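Data first, discussion second: the structure below is written as structure tokens.
The values are calculated or read from the model by the stated rules, or taken from the named source; none is laboratory data. If you're wondering where the values come from, they're calculated on a predicted model, not measured in any experiment. So basically every Cβ, Gly included, is an ideal-geometry build from the backbone, and we count neighbours across all protein chains shown. With ligands, DNA and RNA removed, areas are computed over all heavy atoms of the protein, side chains included. Shrake-Rupley method; radii C 1.70, N 1.55, O 1.52, S 1.80 Å.
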Amino acid sequence: MVATMAHSPALLEGYLNLSRAMKRVKLPRALSEKVSLAVQEWIGCGTCMQAHIEAGRAAGLSDADIALARQGTSTDAREAALIAVAVRVLAEPSSLTDADVADLRAHGWSDRVIAEIVGVVTLNFLTGAFNLLAGLQPSS
């Protein structure tokens, strides 16, 4: 992906900077992978899905955790609320309201995490959409 993305130095630089920045998010790695799985399920990038399934397993996710994340949810209500909003950030951002933010806060999520979820979704959208446009397929 990076080699193909290098056809546009500006895009590559933006991707690398955002990717590095998102490594500093406050979300636990396993939860970040759950969000990525939910978002990639919606986007439909097989390459990204494969990468996030592997990363999720490395972060300790079970097959059941991965299946639920791909459905946009979790057995943990707090996580489920965040994952659901993440999918809406991608699929229908204009539907988000102050009540959604208040609900995330009521579930104990900080303003930092609420803001960072947009970055995690954006990074996933960038990689997924790019891979699909470039015709990059999952490795066997």
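Shape analysis of the chain based on the Cα gyration tensor places the equivalent ellipsoid semi-axes at 25, 18, 13 Å, largest first. How many nm is it between the label spots at Ala55 and Ser139, if each spot is 7 Å from the Cα in line with the beta carbon? Rounded to a tenth, the inter-label distance reads 1.6 nm.
Solvent-accessible surface of segment 17-112, averaged per residue with a 1.4 angstrom probe and all protein chains in place: 52 square angstrom. For Arg20 and Asp98, the FRET efficiency from 1/(1 + (r/R0)^6), where r spans their Cβ atoms and R0 equals 30 Å, is about 0.45.
Ranked by the mean number of other Cβ atoms within 10 Å of their residues, highest first, the peptides 121-131, 18-28, 33-43 come out as 33-43, 121-131, 18-28. Any chance you could check the Cα centroid distance between segment 65-83 and segment 34-52 for me, in angstrom? If you average the Cα positions of each part, the centres end up 14 Å apart.
Extension gain for the segment Ala91 to Val2, taken as residue separation times 0.36 nm less the Cα-Cα distance, is 29.5 nm to one decimal. Just the protein heavy atoms count here, and of the accessible area of segment 49-140 at 1.4 Å, carbon and sulfur take up 56 percent.
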